[in-house]
Amino acid sequence: MTSTIEPEIGRARLRKEDARLIAGRTRWTDNLALPGLLHMAVARSPMAHARITNIDVDAARRMPGVLAVFTGADLAGEQGSLPCAWPITEDMKSPDAPSIAVEEVNFAGEAVAVVVARSAYEAADALEAVDVDYDELPVVLDLEGAVADGADLVHPDLGTNASATWVFDSAEAGTGTDVERAIADAEVLIERTYRQQRLIPAFMEPRSVVVDPTGEQLTMWSATQIPHILRVMLAMTLSVPEHKVRVIAPDVGGGFGGKLQVTPEEILTFLVARRLGKPVKWTETRSESLLSAHHGRDQVQKLTLAARRDGTVTGLKVELLADMGAYLRLVTPGVPILGAFMFNAIYKFPAYRFACTNVFTNKTPTDAYRGAGRPEATYAIERLMDELAAELGVDPIEIRERNWIRHEEFPFDTVAGLTYDSGNYEAATAKAKELFGYDALRAEQRERRERGDTVQLGIGTSTFTEMCGLAPSRVLGALSYAAGGWEHAAVRMLPTGKVEVVTGSSPHGQGHETAWSQIVADQLGVPFEDVEVLHGDTQSSHRGMDTYGSRSLTVGAMAVVRAADKVKAKAAKVAAHMLEAAEDDVEFAGGAFGVRGAGAEAKSVSIQDVALAVFAAHDLPDGVEPSLDSEATFDPENFSFPHGTHLCAAEVDTETGRVTIRSYVAVDDVGKVVNPLIVEGQVHGGLAQGIAQALYEEAVHDESGTLTTGTLADYLVPSAVDLPEFTTDRTETAATSNALGVKGVGEAGTIASTPAVVNAVVDAVRHLGVSDVQMPCTPMRVWQAIRTGRTDAGGLGGEAGGGLGSINPEGGAR
Amino acid sequence: MRITVTVDGTTYTDEVEPRQLLVHYLRERLGKVGTVVGCDTSNCGACTVHLDGHSVKSCSVLAVQADGGEVTTIEGLARDGTLHPVQQAFHDNHALQCGFCTPGMIMQSIDLLADNPDPDERAVREGLEGNLCRCTGYQNIVRAVRDAAGHMRGGAGPEAEQVRETRNVVGGGN
């Protein structure tokens, strides 16, 4: 047998996944049809906070094709409470979270009734006939107002809108000194309040669930990132035996954290199908998705940075209010806490304090969205570093250089209590500056300012890092997360020498089938084409923690490597027997076992030969089981820390406020790269979402709590014309926390780019008296900032459609 | 209402509700689930197909409007096992990740190239403005379309690339 010569790891392999996807041979959940399939539709509350006084479903029941209508009262006894797996403090306040409202609704979009009909059209028709009476209750929307004395309460029985306050203090933790002392002694203080607007993940495939209750195991197909967690949570939430439930995530069309959830609709579809004894499908409309699928971000960040006049940072104090929305979903409370470890970023702060209060409002629940806690932190610190540079009249990159961890200082214990294993900020920054043409752009900026050009040029810097590879189980335990952070894999050697890899990661666009095939091809010396990757079905892939938090490669693929190691160890025993050699004398290289030092012409056996011999099992060494198949569960010892330097040049039309990104350079260090094509694609997509936060996207609720950005005409997911051509490149320092040396790349672009863009916008107009523009930096907001010279032009442009004309003087999500 | 539609080379005659959208007819009646629904306001373009040689958003066309017409979906592009050059270019340039927008994106790209066989970057971006992708940041999609343009020059491409000006279509492409 031949073996692969060129290593697969590092090759720009075209993706295996594409063949089906470009031909329309797809298995989205909504594509599924089963005999007797019924269709469910969900009636949702238009009220953000109200008591349900009456629901009349008689007319709906009489509609053509309708088989059943259920209200909260019908399902209250069996729906349980939707799970929250992250109680961040012992005294965290958490309301009961019904999948369908029973007596009270707490956000506009909450389910109040479900209709089941023969067709989706008939179900939608019958929704119109569901008649619900409400008594309005006071609506709580504003974060700061929600925690003020005498505020109306979202959940009066909790007695407060504050769910929990989580604090990290470097003096108390012993990782640094006292931040109040640093502030008192500061030569320079930068105090800012930044707002992280509310975002919507807006995956392209709307969520869909099909439940078939007719088999021995009840089977759920769902457009989810987390089939394994979903199965466990269904069992725990609904008290069904876990072994009687099978969950399948078929083709899943994007997630970005938005499908990291146990959804009300999954529970409801399950309950309805079980009750009717028939397969039931629910597929959301886009408006339903924007309205009721969890949102992301939404924080008010009060920040104080202390420094000396020479630019050395001496302390950082972070006080956050984080909007939970109306309920705590799967990891809602933990999302802002993930940021606690990242505000200090790549800088050597001696003193640091982070305090976050999680707040209930009558809005759609928030939860993970690409980056989850880390974009918020990175935005804050990278904006602050630019503000410090401006305050001191120093170049923004120079101010960073004075404070960042130098490459020879790794491993580095941070003030937030993490150990960064590797990195080289100098190298990434040098490369980015060169690709960007930094000095020439600065010269042009000066020239335009002097000339008083109506279009001003700004340069934004972001030297970010992030923590990936969620997560070491012991750390998650210390953070009160309910589960571990390991990942599982199995490698099966088939008799003909082909390989099946079973992974607990659950891809939804990332390209795991390709990347895992490359890794296994190298590990076992088999052709790339001979590897099949199985995932996303709890029956074939029985253990897993799924895909989020840039964890798949750093944790999931490491489990694959460990399983492959075990295959090789088992095969070595058999190979030694076949070669009539001692096991210690046998070595494995290029897919074949041979006797060490025996020369190229000596007899060798390929791993495929061994697989066949094991299948036959006629002549195995004593005590050797006739199987090479192996499993492994990998629990990382540390996070990984991708980093990079992103530079953005933005042109701001001072007469219209319009921002145009002229060039964008991203130099990322994501450690060793398995497939550069996939890495580049991840960076591109991440940049698009981070830039969208900076310039376009905001979920806006009006004063009654109605989402006014409930369609893709109002919630401005950027199109091809709204984004620039990116220049991407890499530097490489291997992670030392895993054998592959990989760091993860799924969230890097999103985390890095938002502050780079806003820094560029502010830099373009700072000489006009502007020191901040609230996100998204719509033309209206930028124009207003320039006109008034206000230091924190927030207010305007917070309406649906992102500041395309109408004026809302209150602004923002108030 | 009774309609007769040719879809990917096969002619179907069906009774449909007057209100049924073309995309639902394709998916639910004909099993052409390669064409997908991504929104309900015709912003995303995931459902893009060709009707009589022009791209349409099939969520904005009634099935009855396709009566007597010829529809090409993503499933009908390959010829004798050979991918359409645009399909091939999407693969070659890593122009898809989750793949949900891909059918619509490919159908719209073919339409764009029929109108402008050699678009520059700007023209590609503008031509695809009605199709949203959340994964790729569009850069590799733009690359793929320009790459496909290179392969399709000289009029040697498959039939699906050719445009026939037969009639005006309600609910048009962009």
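Couple of notes before you dig in:
- Each of A:F615 and A:E655 was given a label point 7 Å from its Cα along the Cα-to-Cβ line. The distance between the two points is 7.5 nm.
- Of the residues B:T72, B:S58, B:G9, the one whose Cα sits farthest towards the positive end of the charge dipole of segment B:2-74 is B:S58 (charges of +1 on Lys and Arg Cβ, -1 on Asp and Glu Cβ, taken about the Cα centre).
- All-pairs alpha carbon distance profile, the protein assembly as shown, 10 Å steps from 0, percent: 2, 11, 20, 24, 21, 13, 6, 1, 0
- Estimated FRET transfer efficiency when R0 is 41 angstrom, pair A:E187-A:F410 (beta carbons, to 0.05): 0.90
- What separates the Cα centres of segment A:743-774 and segment A:54-128 is a distance of 41 Å.
- When the charge dipole of the protein assembly as shown is built from unit charges on Cβ atoms (+1 for Lys and Arg, -1 for Asp and Glu) and taken about the Cα centre, the candidate among A:V139, A:Y420, A:A162 whose Cα reaches farthest toward its positive end is A:Y420.
- Ranked by how many other beta carbons lie within 10 Å on average, peptides A:426-435, A:384-393, A:477-486, B:107-116 from highest: B:107-116, A:384-393, A:426-435, A:477-486
- Between segment A:559-575 and segment A:275-302, the alpha-carbon center distance in angstrom: 43
- Taking a straight Cα-Cα cut-off under 24 Å and skipping sequence neighbours fewer than 8 places away in the same chain, the lysines within cross-link reach of A:K363 are A:K93, A:K259, A:K302.
- A viscosity of 0.890 mPa s and a temperature of 25 °C, combined with the Kirkwood radius over Cα pairs in Stokes-Einstein, give a translational diffusion coefficient for segment A:569-667 of 134 µm²/s.
- Under 30 Å of direct C-alpha separation, and excluding same-chain neighbours fewer than eight residues apart, A:K566 reaches these lysines: A:K16, A:K498, A:K603, A:K672, A:K743.
- The magnitude of the dipole of segment A:248-294, with charges of +1 and -1 set on the Cβ of Lys/Arg and Asp/Glu and taken from the Cα centre, is near 220 debye.
- Cα-based equivalent ellipsoid of chain B: semi-axis lengths in Å, sorted from largest, via gyration tensor: 26, 17, 14
- A Förster distance of 25 Å, applied to the separation of the beta-carbon atoms of A:E78 and A:L479, puts the FRET efficiency at 0.20.
- Here the sum of -39500 (n - 2.57) over DSSP H runs of 4 or more residues, divided by the residues of the protein assembly as shown, equals -8000 deg cm²/dmol at 222 nm, to the nearest 500.
- Size of electric dipole in segment B:2-74: Cβ of Lys, Arg +1 and of Asp, Glu -1, about Cα centre, debye, nearest 20: 140
- For segment A:297-406, the spread of Cα positions along the three principal axes, ordered from largest to smallest, is 46, 22, 21 Å.
- Contact order relative to length of segment A:584-740, as percent, for alpha carbon pairs under 8 angstrom and 6 or more apart: 20
- At R0 = 22 Å, FRET efficiency that the Cβ-Cβ distance of A:R448 and A:D395 yields, to 0.05: 0.80
- Cβ-placed point charges (K, R +1; D, E -1), dipole of chain A about Cα centre in debye, nearest 20: 720
- Selection from B:A114, B:G150, B:T136, by position along the positive dipole direction of segment B:85-159 (Cβ): B:T136
- When only Cα pairs below 8 angstrom with a gap of at least 6 residues are kept, chain A shows a relative contact order of 15 percent.
- Here is the tail figure for segment B:2-74: Cα pairs spaced more than 21 Å apart come to 12 percent of all pairs.
- Set of aspartates and glutamates with alpha-carbon distance to A:K348 below 12 Å, sequence-local pairs under 8 removed: A:E401, A:E409, A:D413
Bear in mind that the values in this text are calculations on the coordinates, not laboratory data. None of the values given here were measured: they were computed from a predicted structure. For neighbour counting, all protein chains shown are included, and Cβ atoms are generated from backbone atoms with ideal geometry for every residue, glycine included.
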